[in-house]
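> Take a look at the following structure, please.
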Amino acid sequence: MGQMQDTVSRRGFLGAALLGTAGVAAASMLGGCAPSQGSSSKETSWSEEYDVVVIGAGAGGYAAAIEAADNGASVLVLEKAEKTGGDSALCDGILGGWGTRLQKAAGVEVTADEVFEWFTGNPEWYGAFDMEVARLNADKCGETVDWLEDLGVEFEPEVGPRFGYTELPAIHQVVGKGAAMMDVLAKVAASAGVKTYTGTPAVRLVADESGRIIGVVASKGSDELAVKANKGVVVATGGFAGSSEALTAFNGESAGLMARADPNLTGDGILMAMEHGAHICKADRLPLVSSLAGLETKSPVNLNYAFRLHEIWLDADGKRFFDESTPFESPLGHNAILRKQNAQGGAQPVAFVGTTPELEALAQKMPMQWQSADTVEEAATLAGLDPAAVKATVDAYNAACAAGRDDECGRPAEFLIPLKAPFYVAPITSMTTVSLGGIKIDVESRVLRMKSPADKGAMQQPIPGLYAAGETCEWNCAAGWTVLTAMTAGRIAGRNAASEQTAE
C-alpha cells in the first residue's frame, strides 16, 4: 500500500488482547505506600545468580544491560516475548537530541533549554510530569544519540523537524528504523557478556526482610526460574497498551479503546513493582490514542498522520463535534473521538471525506476501499446516518469554507477545504499504541515509593535495589523522544545498579 502501509505498520499495532494479569491495578492505581508482602527471599530457592537482572529486552532494557556490563557487572536480561526488541524494534527510529555530532556537522544548533521548554510547553500532549526527570532527559538526550552512534547505530545525516513531532531541528533518523537500532543493541549486549533469555516472563520481584529487591522469579516453559540479583533489578517491561483489561482498570474511558495487538504489553513491570509499594503516577490518564478510519476495509487511514484528507467527523446524529484539523500528535482530537464513541454507547463516529487533491494522491498509492457515493445523502445512508441531517451538516460546513470562518468547531481557515463529490465514508476506530504513566522514578532511575506515616525522611523514598526505565515509568513519552528517554533512563539505571553494594 505504499505510504499508507508504512503509516499503519508504524502506528497501527491493531488488535485486542484480553489478558488476566492486570486486575489488581484498579485497587491501587495511584501508587503504594509501604512495601507489601510480595515475595521474600526466605521463600525462594535460587536457580541462577547475577549482579544485575534486567526485565525487558527493548531499548531501555538493553541500554541498562550494556551499561551495567560495561561497569563490570554480570547481567541477565529476561524477555517475555520469543524475540528481543519489543516496541523499540517497531518504532520509526525517530530520536530527538541536541548538541550531537550529527547536528554540529550539519550546522544545526539546539540547546538543552530549548528541548526542556518544548517538553514542559506541551503538557496537553504527553506531559512533563516530573520536572527533574524531564530536565534530565533534556540535558542527556544528545549524549544518548552520540552513544548509539558510538555503538554502531547508523543515522541519516540530515537533522531537523520530522512528522510534526517538534518544531525544533532536533530529530535524528536511524537508518533502518527501530529494528536496525535494536539489532545493534542486542549484538553489543551479547559481545559485552550479557545473557538474554527469551520466552521467559518475569512474574514477581523478590525482596529480603529489609524490603530490598534482591531477585526475580520468572517462568521458563513449565518451570519456575528464580534469579538472584546481587546488586540490582531494572524493570523495563514497557506499558500496558496491549491489555484491554489493564487499560480499563486504570481508566474507565479506555473501555471503548482497541488495545495493541502485542499481547506482551500487559503492564507486568508496573504490577510487580506495585506489589512492593512502588508509587504509580498518571497511569489513570487516557493512553496515547490514535484515530483510524476505514479499519474494516483494506485501506485504513491514520487521521492527520503525515497527510490530511480534510475530512469532517460526524456523530450518530450526523453532526460535527470537534475541530477535525487537530494535529495527529495532539491527543485532543483523538480523545474527543473516543469520548464521543463512549457517549454514544459504543457507536463509532464517522469520517466523511470529499474528493480533494490529497485524496486523489492517496488513491494513486493505494485503492480506496471505503464506501462511496456521488451524493451526500447516499453517502450518509451508507454510513447509517440520517441523510437530511448529514446534508445540513455538509452544507453548513461548505458555507463556512466559503466564508473562511468555522464558528461551529473553530477549524482554522487554512484547513477549511470544501467537500466535493464523490464522497467517502468510514467508521473511526479509537485505538491505543502507547500507555501513559507508570512507575515513579528519580533522576537516578531508582523506583520510588511513598513513605508510611511511621517513616522518617522524604515523602518519596527509593525502593532499594530496584530501578526502572522506559514506557513502564511515569514520564515515558514525548514526541520524538519516547524511545530515547527509555535509553537515557536505562543507561543511568544500568550504571547505578552495577555500582550497588552486593546484597548479603
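The values are calculated or read from the model by the stated rules, or taken from the named source; none is laboratory data. Fair warning: this is a prediction, and the values are worked out from it, not measured in the lab. All Cβ positions, glycine included, derive from the backbone under ideal geometry; neighbour counts span all protein chains shown. Ligands, DNA and RNA are excluded from the accessible area calculation, which covers all protein heavy atoms including side chains. Shrake-Rupley method; radii C 1.70, N 1.55, O 1.52, S 1.80 Å.
> Being touching a residue at least 24 places away in the same chain (Cβ under 8 Å) and charged (D, E, K, R) is the filter here, so list the residues in the stretch 144-157 that pass it.
146, 149, 154
> Sticking with this one: Of the residues that make up the stretch 103-119, is at least one hydrophobic (A, V, I, L, M, F, W, C), within 17 Å of the chain's Cα centre (by Cα) and crowded, with 18+ Cβ neighbours inside 10 Å?
Yes, the conditions are met somewhere in the stretch 103-119.
> Of the residues in the stretch 311-324, how many are closer than 27 Å to residue 162 by Cα and surrounded by 21 or more Cβ atoms within 10 Å (Cβ to Cβ)?
5
> Do we have residue 141 as in contact with a Leu (Cβ under 6 Å, 6 or more places away or on another chain), under 21 Å from residue 176 (Cβ atoms) and crowded, with 16+ Cβ neighbours inside 10 Å here?
yes
> I'd like the full set of residues that are under 23 Å from the mean Cα position of the chain (by Cα), over 15 Å from residue 236 (Cβ atoms) and open to solvent by less than 30 Å² (accessible area, probe 1.4 Å), limited to the stretch 190-210.
Within the stretch 190-210, just 199 meets the criteria.
> Return yes when residue 260 is touching a strand residue (DSSP E or B) at 6+ places or on another chain (Cβ under 8 Å) and part of a loop (DSSP other than H, G, I, E, B) and no when it is not.
yes
> Tell me the residue from 453, 462 that is at negative phi, in contact with a Leu (Cβ under 7 Å, 6 or more places away or on another chain), open to solvent by 10 Å² or more (accessible area, probe 1.4 Å) and free of Cβ contacts under 8 Å to residues at least 24 places away in the same chain, please.
Step by step, each of 453, 462 is checked, and only 462 is at negative phi, in contact with a Leu (Cβ under 7 Å, 6 or more places away or on another chain), open to solvent by 10 Å² or more (accessible area, probe 1.4 Å) and free of Cβ contacts under 8 Å to residues at least 24 places away in the same chain.
> State which residue is farthest from residue 100 (Cα to Cα) when the search covers only the stretch 439-484 and only residues that are among the basic types (Lys, Arg) and modelled with pLDDT under 95.
My answer is 456.
> Being open to solvent by 10 Å² or more (accessible area, probe 1.4 Å), farther than 30 Å from residue 72 by Cα and not in a loop (DSSP other than H, G, I, E, B): is that true of residue 295 here?
It is false that residue 295 is open to solvent by 10 Å² or more (accessible area, probe 1.4 Å), farther than 30 Å from residue 72 by Cα and not in a loop (DSSP other than H, G, I, E, B).
> Then there is this: Against the conditions (1) open to solvent by less than 20 Å² (accessible area, probe 1.4 Å); (2) assigned to a loop (DSSP other than H, G, I, E, B); (3) more than 30 Å from residue 112 (Cα to Cα), where does residue 405 fall short? Just the number, please.
(1)
> In the stretch 218-255, which residue that is of a type in the set (A, V, I, L, M, F, W, C) and not in a strand (DSSP E or B) is nearest to residue 58 (Cα to Cα)?
236
> Starting from the stretch 185-205, keep only residues that are touching a residue at least 60 places away in the same chain (Cβ under 8 Å) and under 27 Å from residue 222 (Cα atoms), then list their pairs with residues that are part of a strand (DSSP E or B) and open to solvent by 50 Å² or more (accessible area, probe 1.4 Å) whose Cβ atoms are within a distance under 7 Å, requiring at least 6 positions of separation or different chains.
These pairs meet every condition: 197/220; 200/220.
> Related question: Could you figure out which of (1) surrounded by 21 or more Cβ atoms within 10 Å (Cβ to Cβ); (2) more than 30 Å from residue 440 (Cβ to Cβ); (3) of a type outside the set (A, V, I, L, M, F, W, C) isn't true of residue 267?
Among (1) surrounded by 21 or more Cβ atoms within 10 Å (Cβ to Cβ); (2) more than 30 Å from residue 440 (Cβ to Cβ); (3) of a type outside the set (A, V, I, L, M, F, W, C), the lone unmet condition for residue 267 is (2).
> Can you name the residue in the stretch 117-152 that is of a type in the set (Asp, Glu) and in contact with a strand residue (DSSP E or B) (Cβ under 9 Å, 6 or more places away or on another chain) and is also modelled with the highest pLDDT among such residues?
Ranking the qualifying residues of the stretch 117-152, first place goes to 149.
> Could you pull out the residue among 249, 218 that is at pLDDT 95 or above and open to solvent by 20 Å² or more (accessible area, probe 1.4 Å)?
Residue meeting the stated conditions: 249.
> Then there is this: May I ask you to list the residues in the stretch 331-341 that are farther than 12 Å from residue 428 by Cβ and crowded, with 17+ Cβ neighbours inside 10 Å?
331, 335, 339
> Report yes if some residue within the stretch 174-186 is over 17 Å from residue 59 (Cα atoms) and surrounded by fewer than 21 Cβ atoms within 10 Å (Cβ to Cβ); otherwise report no.
Within the stretch 174-186, not a single residue is over 17 Å from residue 59 (Cα atoms) and surrounded by fewer than 21 Cβ atoms within 10 Å (Cβ to Cβ).
> Hey, another quick one. If I filter the stretch 413-436 for residues that are at pLDDT below 95, part of a loop (DSSP other than H, G, I, E, B) and open to solvent by less than 40 Å² (accessible area, probe 1.4 Å), do I get at least one hit?
yes
> When the residues of the stretch 438-450 are filtered to those that are part of a loop (DSSP other than H, G, I, E, B) and either of a type in the set (Ser, Thr, Tyr) or touching a Cys at 6+ places or on another chain (Cβ under 6 Å) (or both), which remaining residue is surrounded by the most Cβ atoms within 10 Å (Cβ to Cβ)?
Top of the filtered list is 445.
> Pull up the stretch 362-377, narrow it to residues that are within 19 Å of residue 306 (Cβ to Cβ) and free of Cβ contacts under 8 Å to residues at least 24 places away in the same chain, then point me to the one that is surrounded by the fewest Cβ atoms within 10 Å (Cβ to Cβ).
Per the stated criteria, the residue is 364.
> Determine if the stretch 98-105 includes at least one residue that is farther than 24 Å from residue 496 by Cα, aliphatic (A, V, I, L, M) and at pLDDT below 90.
No, the stretch 98-105 contains no residue that is farther than 24 Å from residue 496 by Cα, aliphatic (A, V, I, L, M) and at pLDDT below 90.
> Is it the case, given these coordinates, that residue 285 is open to solvent by 10 Å² or more (accessible area, probe 1.4 Å), assigned to a loop (DSSP other than H, G, I, E, B) and in contact with a strand residue (DSSP E or B) (Cβ under 6 Å, 6 or more places away or on another chain)?
No.
> What residue, of 390, 353, is more than 32 Å from the chain's Cα centre (by Cα) and buried (at least 17 other Cβ atoms within 10 Å of the Cβ)?
390
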